[in-house]
């Protein structure tokens, strides 16, 4: 493969408004103080990693109008723990036990999350103690169904990450469809949607969550976020990382620039589908579902803004609005990079396109 730095990043098509919650900075300060109280910021490298990620700003951009301030603050703490889990389990060197060790550690995290009465002991590490604390807070602040969905989606993230690690070490090259299937889970798109929903005053019903049209809309949003991440983080990633740009170079023999451009075209085809489904589902939607869809639209724009400016991805300082404005200059496209609206040829996601023009199968299945 060619040097991953030798390409020009195309502008992003995202005709949606952007906003950031005024609670973000205070929630970030609270989360950092809380992490410190649990002994998770003692290592300067870890602390720098936390600061560079700007998780609190990402939360503010993804959920610009939280209707429950306490839940938003607690979920900001939780999001920091997700970052640490990602770094400790998957981004660094494999644990002493290899993939088996990673699976064991991920399983322990899930057991803690799924145990309402988890009893801590003197042998528990700081991360476990912090996780028990944040889950206890969420159980006091949120309905059981919402907490259960959060744990379900966290398990899904771990499963996707393990599949991704396995795929990268497999002698069999990844197909584009298999990549899409893995990436949809390991990038935490579903988890983000649950975080958004939990900050709303009223929950979605199970019928709404399981509606094919709604699921297609939510999953397409998650895929756009995954592909956005592939694009804005590629310069800092290895040519061996899980990324559609790498997959396209292998499957189609493309140059880096052509693979980047093709990834943007795939991304824009999914974005156009999301916009169409979202527009259809907003018609007559009850308030809880409208909240999710509106916040989700802003989250997609905010995710790109964060990805293009956070030091985690840029390796530079993003302090100050002027610096961020300069980083975002010219990054937005007025129109998609392709006029193709046909379904993508990937069986794992092509069914999404079948859900358009299906008003009776949308969010309006929930009682108003």
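Rule-based calculations on the coordinates, nothing more; no lab input. Just so it is clear, the structure is predicted and the values come from calculations on it, not from any experiment. Positions of Cβ are backbone-derived with ideal geometry, glycine not excepted, and every protein chain shown enters the neighbour counts.
Quick notes
- D_trans [Stokes-Einstein, Kirkwood Rh over alpha-carbon pairs] for the range 108-252, 10 °C, 1.306 mPa s, µm² s⁻¹: 93 µm²/s
- Scoring 244-250, 116-122, 281-287, 230-236 by mean Cβ neighbours within 10 Å over their residues and listing the highest first yields 244-250, 230-236, 281-287, 116-122.
- With a Förster radius of 35 Å applied to the C-beta separation of residue 279 and residue 9, the computed FRET efficiency comes to 0.80.
- Additional length obtainable on full extension of the chain from residue 168 to residue 350, 0.36 nm per residue less Cα span: 63.1 nm
- Label zone at residue 26 (point 7 Å along Cα-to-Cβ), backbone N below 14 Å, the range 47-80: 66-74
- Only DSSP H runs of four or more residues enter the estimate; each adds -39500 (n - 2.57), and after division by the residues of the chain the mean residue ellipticity at 222 nm equals -19500 deg cm²/dmol.
- Only Cα sites of the range 170-234 enter the Debye sum here, all with the same form factor; the resulting log10 I(q)/I(0) across q = 0.12, 0.15, 0.16, 0.18 1/Å is -0.38, -0.57, -0.63, -0.75, listed in q order.
- Distance in nm between pseudo-label sites at residue 332 and residue 68 (7 Å out along the Cβ direction from Cα): 3.2 nm
- Fully extended contour minus Cα-Cα distance, from residue 121 to residue 241, at 0.36 nm per residue: 39.5 nm
- Extension gain for the segment residue 111 to residue 87, taken as residue separation times 0.36 nm less the Cα-Cα distance, is 6.7 nm to one decimal.
- Shown for the chain is the translational diffusion coefficient from the Stokes-Einstein equation, using the Kirkwood radius over Cα pairs, a temperature of 10 °C and a viscosity of 1.306 mPa s: 75 µm²/s.
- Computed over the chain with a Gaussian network model linking Cα atoms closer than 10 Å, the most mobile of 173, 347, 44 is 44.
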